[in-house]
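One structure is given below, encoded as structure tokens.
The values are calculated or read from the model by the stated rules, or taken from the named source; none is laboratory data. Bear in mind that the values here come from a model prediction, so they are computed numbers and not experimental data. Cβ placement follows ideal geometry from the backbone for every residue including glycine, while neighbour counts extend to all protein chains displayed. The accessibility values were calculated without ligands, DNA or RNA, using every heavy atom of the protein model including side chains. Shrake-Rupley method; radii C 1.70, N 1.55, O 1.52, S 1.80 Å.
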Amino acid sequence: MSEPKFDRRTVLKAATALAAAGLAPGLLFAQSGSGARSVKALPSRDEFVIRGATILSMDAAIGDFARGDVHVRDGAIVAVAKEITLPAATSIDARGMICMPGFIDTHVHLWTSVCRAVIRMDDPKFGYFPVTNRLGPHYAPEDSYRSVRLGLAEALSAGATTVHNWAHNVRSPEHADAELRGMRDMGLRGRFSYGPAQGMPNDKPMDLDGLAKIKREWMPNDGMLTLGINSRNVGSDPNPLRGNVPLNIVKQEWSGARALGLPITLHTSGPSPVKYLDDAGLLGPDVQLVHPLLTTAEERQILKERGVSYSTSPVGEARRPASAGVIQLAELLEAGVKVSLSTDNASSYSFDYFASMRMLYALHQHRVGQRVPLTAQRLVQLATLDGAVDLGIADRTGSLKPGKRADIILVRTGDINIAPAGDPYETLVSFAQPRNVDTVIADGRILLRAGRFTALDHAEVLKEAAESVAALRARANWN
Ligand SMILES: [Zn+2]
């Protein structure tokens, strides 16, 4: 078993110590400004064969292998087969491991990651919204960069290879640039959804000129990063925690995004706005909604017809009061709506895709049960291939298929919390934890091996995150 890779207590201790020492933000940032940063190069894309793994391809035509090999070259999957004879290639011994596509997290607010040092679930003063609303306006681009790196380091260690970064604290184009640099420097695939800034007036649209600038400067890149927008809540939510904009602002922002060919994402916390949006002619296959809790049967039919995707974040949604609704996975699947899985944030709980699948299954069984059968295989599909479909990147990731990019993870099945292992899908949903993730490969780069980062200096990521949250608290006069 590997050592713990990520220690929440280290962040808390360091943040507290820095805050107690009264270090000024200027001093903290003088120590490592983003301009002078030296980021370690990502590992190269080598040729190798993963050998002897239990292969879950998530591709219907290829299927699974109780024991099989995967050939990777120049960042792409070349072959998936029972046995690949290629003596010259480097071998990765994957006996006793599950080889599968990396997890695809379809909605997460990476900018809040450092706030985990402050947020508490059992004290409303320190809840997610009070903390992020209070610290959000004080973010410098460097804080955004550090927070994105912290979140992605954890996501990577938990087996994610693609993350949809829902950035709703874009205080300037420089903040967006910092978040994108954070994503690029970590080597994971992802969508960056540009948004408004925390505390912005609801009658003001997001900075669409800034969005166009970011598109010019960042797109297209090497195919690892894509761009979209996120929208503030809309409709009749009487208690919006992230703003609630009138229809004219929604139309302005969405048409601005569509003019640039960019997809759109929106939270649907509170009363469902699906009918409202459809009546305004706004829904289409470029829209992803988040938190499917209160849709009606009529609305689900609309979602199916318009090709809209819905992302569910079961760990966070399960913490909401019953009045907020229930996760309507069964209803969405029955209606033929596209669904995917997400974690929402790394500041209220840890990134754990296994726990997300487990929670989703438990909630489904608790409410619906066998009336709508839900298999472990389908849950793994929601966390991988269905995420790629949601984000519009299933042509390049989400399954182990020759021609797709090599976004692959290996999960050990011989560890104490799994062995003796039975069905591999059952293993992943009922038993596995992030600590069982042995290897993470993104676009052919081996970023985690034997449970350890191959290139990332994660101690530095932790130190910078702790500095950042201490500086944010100081700037917000919150010590
Ligand atoms: Zn969210």
field: Relative packing of 47-54, 211-218, 433-440, 148-155, which averages over residues the other C-beta atoms within 10 Å, highest first
entry: 148-155, 433-440, 47-54, 211-218
- prompt: Hey, any idea what % of the stretch 392-442's accessible area is carbon plus sulfur with a 1.4 Å probe?
  reply: 55 percent
- request: Can you tell me how much longer the chain between Met121 and Ser430 gets when fully stretched, taken as 0.36 nm per residue apart minus their C-alpha distance, in nm with one decimal?
  value: 108.7 nm
Amide H contacts of Val368 (H built 1.01 Å from N, under 5 Å, at least 5 apart or other chain): none
field: Net charge over other residues, Cβ less than 11 angstrom from the Cβ of Ile229 (K, R count +1; D, E count -1)
entry: +1
- request: Under 9 Å from the Cβ of Arg189, count the other residues' Cβ atoms, weight Lys and Arg +1, Asp and Glu -1, and hand me the total.
  value: +1
message: Out of the total accessible area of the stretch 183-334 (probe 1.4 Å, heavy atoms of protein only), what percent is carbon and sulfur?
response: 53 percent
task: Give me the orientation-averaged projected area of the Cα convex hull of the stretch 165-297, in nm², one decimal.
output: 8.2 nm²
- line: note: the stretch 44-159, Cα-Cα separations exceeding 24 Å make up a percent value of 49 percent
field: Residue list for the stretch 146-181, given a label point 7 angstrom along the Cα-to-Cβ vector of Asp457 and an amide N cut-off under 16 Å
entry: 146, 149-150
query: Which values, in whole Å and largest first, are the semi-axes of the equivalent ellipsoid of the stretch 163-211 obtained as the square root of 5 times each eigenvalue of the Cα gyration tensor?
result: 22, 10, 8
query: Based on the inverse mean of 1/r over its pairs of different Cα atoms, what is the Kirkwood hydrodynamic radius of the stretch 250-359, in Å?
result: 14.6 Å
message: Can you tell me how the stretch 388-479 classifies by the Cα gyration tensor, rounded, prolate or oblate, using a/c under 1.5 as the rounded cut?
response: prolate
- prompt: Looking at the P(r) of the stretch 372-437, how many percent of alpha-carbon pairs lie beyond 20 Å?
  reply: 37 percent
message: As an exercise, use a Förster radius of 56 Å and the Cβ-Cβ distance of Asp203 and Ala41 to find the FRET efficiency, rounded to the nearest 0.05.
response: 0.80
- line: accessible surface per residue for the chain, probe 1.4 Å, DNA/RNA/ligands not counted, whole Å² -> 38 Å²
message: Once you keep just the Cα pairs under 8 angstrom separated by 6 or more residues, what percentage relative contact order results for the chain?
response: 23 percent
- prompt: Which whole-Hz couplings ³J(HN,Hα) result when phi for each residue of the stretch 160-175 is put into the Karplus expression 6.51 cos²θ - 1.76 cosθ + 1.60, θ = phi - 60°, listed in order with x for Gly and Pro?
  reply: 7, 10, 9, 9, 8, 8, 8, 9, 10, 9, 8, 7, 6, x, 5, 5
task: Assuming a ≥ b ≥ c are the square roots of the Cα gyration tensor eigenvalues, decide whether the stretch 95-193 counts as rounded (a/c under 1.5), prolate (otherwise, with a/b larger than b/c) or oblate.
output: oblate
Range of Cα positions in the stretch 334-378 per principal axis (Å), largest first: 35, 21, 18
field: Rg followed by Dmax, in Å, when the chain is reduced to its Cα trace
entry: 21.5, 65
